[in-house]
Amino acid sequence: MATLIIAEHDNQSLKGATLNAVTAATQIGGDVHILVAGAGCQGVADAAASVAGISKVLLADNAAYEHQLAENVSLLVAELGTDYSHVIAPATTAGKNLMPRVAALLDVAQLSDVIRVDSEDTFARPIYAGNAIATVKSLDAIKVITIRGTGFDAAAAEGGSAVIEAVTAVHDAGISTFIGEEMAKSDRPELTAASVIVSGGRGMGNGENFALLESLADKLGAAVGASRAAVDAGFVPNDMQVGQTGKIVAPDLYIAVGISGAIQHLAGMKDSKVIVAINKDEEAPIFSVADYGLVADLFDAVPELDGKL
Amino acid sequence: MKVLVTVKRVIDYNVKVRVKSDNSDVDLNNVKMAMNPFCEIAVEEAVRLKEAGVASEVVVVSLGPQAAQEQLRTALALGADRGILVQSDENLESLTVAKLLAKVIGEEQPGLVIMGKQAIDTDNNQTGQMLAALTGMPQGTFASEVKVSGDKVQVTREVDGGLQTVELTMPAIVTTDLRLNEPRYASLPNIMKAKRKPLETKTPEDLGVAVKAHTQLLKVEPPAQRQAGIKVTSVEELVDKLKNEAKVI
């Protein structure tokens, strides 16, 4: 029994979500190998080799893998995957894009967003926007899985000494091309990596008012998130959305401002260690999950909070 | 160019789902069903492509029970031209759905396939990518913008931390994210007109696909409930609690 993890990276650095997948792989048991597929990504392979618990790094360094297009990388992973009992990736947009394509090439199912490992073939995952948790047994010889980071602690980034083995197989399907990307530039931490998150909902009223939250976030070293209602209303872009169909987060402190607490939002943040809710509607469902609730007008409370920090 | 769209019949977005007392599954008896919200966005995008003169025909496909005809009729009322129901009362896993759709695509030969990125029941986010693998097509998942030019389609994708744009050689598969468009409502005249649009029913056997289980659902439980905490009366008290009790700031 052995697990192949697909590393999440940008050719420069190994992304944190990979470390949570390593912990899941360790719980499954057996050897843990990791694939770094990219271009000019030797540094990522070196970082992966020092992660505790990994015995081998497979490095596929080729121009065909530079932007990790699913059409190309899936062919590589499907070829390598036949030597493994489990093939897993973080349930990030990259993992979600790639892994079902791998599963179909291997003619097996995929288990998405796994939050708990019960045994080598049985796993728990949220369904219906987190309103229910399903325990599912895989009947396939190769189990293809994406791991929800909030379900597993991060493995130690140091302490391992895996061997690095070059993979020479080159797959270029020739049907897709990377054109460009526009990454949000921010000095604040990424939502999924932040230890403090300040989120706003429909109660913010408009996009400009998010400046109140940004100021508060800067004091706390926090990331800024939003509810789906705020995204749907056009206040802020979709990549700020916390919820079942957006980002799933579990920071040490989550401050929900003007968020009523729709189930789809709660599904994305209810594993946070401490939840603070500020809302003028004392009946808002967000208060039923908040450790500290403040019934107040956010336009008074947020500047006051900002001033007292 | 023909565009193929898929729609899934799922529990209505606004209904709170409950787990059955024997923990065998969620209870879907007598609950309101509707078209999966991401599929609505897919239908809207296909109809807009037709209105823009890019698509010549919009074919909508659903897989599931007889009652999924309702969602096909909704899609027809929104502007799709023709419906196909692959009828089965069995539990169709994503891989099986992808295999069935691959057969439909073999028959229909669309230039573009638009699907929701995930259904709000099982939350799998798999079928589009699996279908792309089985048909050898490129995939533009989590799309926030779709631009067709010649035999290529440029898809802007919502990825962690921002947007990525890829160019795909058609035929291609696109899965929709929230910001792609804002779906319209069906007008009464269009709902009436939809009743006369063609709707064909097939079975998995007709398509030569065996329905196989790759997973077994052992149990379904409600999520662990989080206990409500306390209400503070002032910002001052809140700051004090966060500093001295929770010790998170």
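The values are calculated or read from the model by the stated rules, or taken from the named source; none is laboratory data. Owing to the predicted nature of the structure, the values given are computational and were not obtained by experimental measurement. Using ideal geometry, Cβ is built from the backbone for each residue, glycine included, and neighbour counts are taken over all protein chains shown. In case anyone asks, the SASA skips ligands and DNA or RNA and just uses the protein heavy atoms, side chains included. Shrake-Rupley method; radii C 1.70, N 1.55, O 1.52, S 1.80 Å.
Its Cα centre serving as origin, the protein assembly as shown has a Cβ charge dipole (Lys and Arg +1, Asp and Glu -1) of approximately 1300 debye. The region of chain A that goes longest without hitting one of the GluC sites (Glu not before Pro) in a DSSP loop, each with at most 11 other Cβ atoms within 10 Å, is A:1-157.
Adding -39500 (n - 2.57) for every DSSP H run of four residues or longer, then dividing by how many residues chain B holds, sets the calculated 222 nm ellipticity at -7500 deg cm²/dmol. Across the stretch B:75-80, rounded Karplus estimates of 3J(HN,Hα) from the backbone phi angles (6.51 cos²θ - 1.76 cosθ + 1.60, θ = phi - 60°) give 5, 5, 5, 7, x, 5 Hz, Gly and Pro being marked x.
For the protein assembly as shown, the residue among A:G174, B:S88, A:L35 whose Cα projects farthest onto the positive side of the dipole built from Cβ charges is B:S88. Taking the chain by itself as reference, the stretch A:246-283 contains these residues with an accessible-area loss of 20 Å² or more in the full protein complex (1.4 Å probe, heavy atoms): A:K247, A:L253, A:K270, A:V274, A:V276. Taking a spot 7 Å from the Cα of B:S21 along the direction of its beta carbon, which residues of the stretch B:193-223 have an amide N less than 20 Å from it? It comes to B:219-223, nothing else. Rolling a 1.4 Å probe over the protein chains gives A:H67 an accessible area of about 70 Å². Averaged over the residues of peptide A:88-97, the number of Cβ atoms from other protein chains lying within 10 Å of each residue's Cβ is 4. Within the stretch B:2-213, the percentage of alpha carbon pairs spaced more than 28 angstrom apart rounds to 24%. Counting heavy atoms of the protein chains alone, A:T82 has an accessible area of about 90 Å² for a 1.4 Å probe. With a 10 Å cut-off around each Cβ of B:164-171, the average count of Cβ atoms from other chains is 6. Within straight-line reach of B:K247, meaning a Cα separation under 17 Å, sit the following aspartates and glutamates at least 8 residues removed in sequence or on another chain: A:D252, A:D291, B:E236, B:E237. Rounded to whole numbers, the Karplus 3J(HN,Hα) couplings from phi for the stretch A:107-115 are 6, 10, 6, 10, 9, 9, 6, 5, 10 Hz, using 6.51 cos²θ - 1.76 cosθ + 1.60 with θ = phi - 60°, and x at Gly and Pro.
Any idea of the total accessible area buried by the B-A contact, 1.4 Å probe, rounded to 100 Å²? Chains B and A together bury roughly 6700 Å² of accessible area.
In the stretch B:225-249, burial by the other protein chains removes 50 Å² or more of accessible area from B:R226, B:K231, B:V235, B:L238, B:L242, B:V248, B:I249, compared with the chain on its own (1.4 Å probe, ligands and nucleic acids ignored).
Take the Cα of A:S288, go 7 Å toward its beta carbon, and the backbone nitrogen atoms of the stretch B:19-42 under 15 Å from that spot belong to B:19. With the simple model of a label 7 Å out from the Cα in the direction of the Cβ, A:D118 to A:D10 spans 3.8 nm. On a per residue basis, the stretch A:191-308 carries 34 Å² of accessible surface, using protein heavy atoms and a 1.4 Å probe. Averaged over the residues of peptide B:206-215, the number of Cβ atoms from other protein chains lying within 10 Å of each residue's Cβ is 3. Projecting the Cα atoms of B:G229, B:V148, B:V239 onto the charge dipole of the stretch B:126-249, computed from C-beta unit charges around the Cα centre, puts B:V148 farthest toward the positive end.
About its Cα centre, the stretch A:81-128 has a charge dipole of approximately 280 debye under the convention of +1 per Lys or Arg Cβ and -1 per Asp or Glu Cβ, with nothing else charged. In this structure the amide hydrogen of A:H9, modeled in the peptide plane, comes within under 5 Å of the amide hydrogens of A:K15, none closer than 5 places in sequence on its chain. A Förster radius of 25 Å combined with the Cβ-Cβ distance from A:A157 to A:M183 puts the calculated FRET efficiency at roughly 0.65.
Working note: Karplus 6.51/-1.76/1.60 with θ = phi - 60° gives the stretch A:62-67 the couplings 7, 4, 5, 9, 3, 9 Hz, where Gly and Pro are set to x. What pairs from A:K96/B:K193; A:K280/B:K243; A:K15/B:K99 go past 30 Å between their alpha carbons? Beyond 30 Å between Cα atoms: A:K96/B:K193; A:K15/B:K99.
Would you mind getting me the FRET efficiency between A:T168 and B:D151? Use the beta-carbon distance for r and R0 = 22 Å, nearest 0.05. The partial results should precede the final answer.
Working: r = 32 Å, r/R0 = 1.47.
With a Förster radius of 22 Å, E is 0.10.
By a 1.4 Å probe calculation restricted to protein chains, A:M1 has an accessible surface near 100 Å², given to the nearest 10. With the charge dipole of the protein assembly as shown set up from +1 on Lys and Arg Cβ and -1 on Asp and Glu Cβ about the Cα centre, the Cα lying farthest toward the positive end among the listed residues A:L76, A:M183, B:Q109 is that of B:Q109. Distance between the modelled labels on B:Q66 and A:D281, one decimal in nanometres: 4.1 nm (7 Å Cα→Cβ projection).
Considering helices alone, the calculated mean residue ellipticity of chain A at 222 nm is -7500 deg cm²/dmol, with DSSP H runs of length four and up weighted by -39500 (n - 2.57) and normalised per residue.
Close amide-amide hydrogen proximity is noted between B:K202 and B:L85, B:V86, B:Q87, each under 5 Å apart and 5 or more residues distant or on a separate chain (H modeled in the peptide plane; Pro and chain starts excluded).
Interface residues of the stretch B:114-135, defined as those losing at least 40 Å² of solvent-accessible heavy-atom surface relative to the isolated chain (probe radius 1.4 Å), are listed as B:D121, B:D123, B:Q126, B:Q129, B:M130, B:A133. Note on exposure: A:R148, A:R116, B:R73 ranked by accessible area (1.4 Å probe, complete protein assembly) read A:R116, B:R73, A:R148, with the most exposed listed first. Here the accessible area of the protein assembly as shown is 47 percent carbon and sulfur, with a 1.4 angstrom probe and all protein chains present. Taking the Cα centre of chain A as origin and assigning +1 to Lys and Arg Cβ atoms and -1 to Asp and Glu Cβ atoms, the resulting dipole is close to 480 debye.
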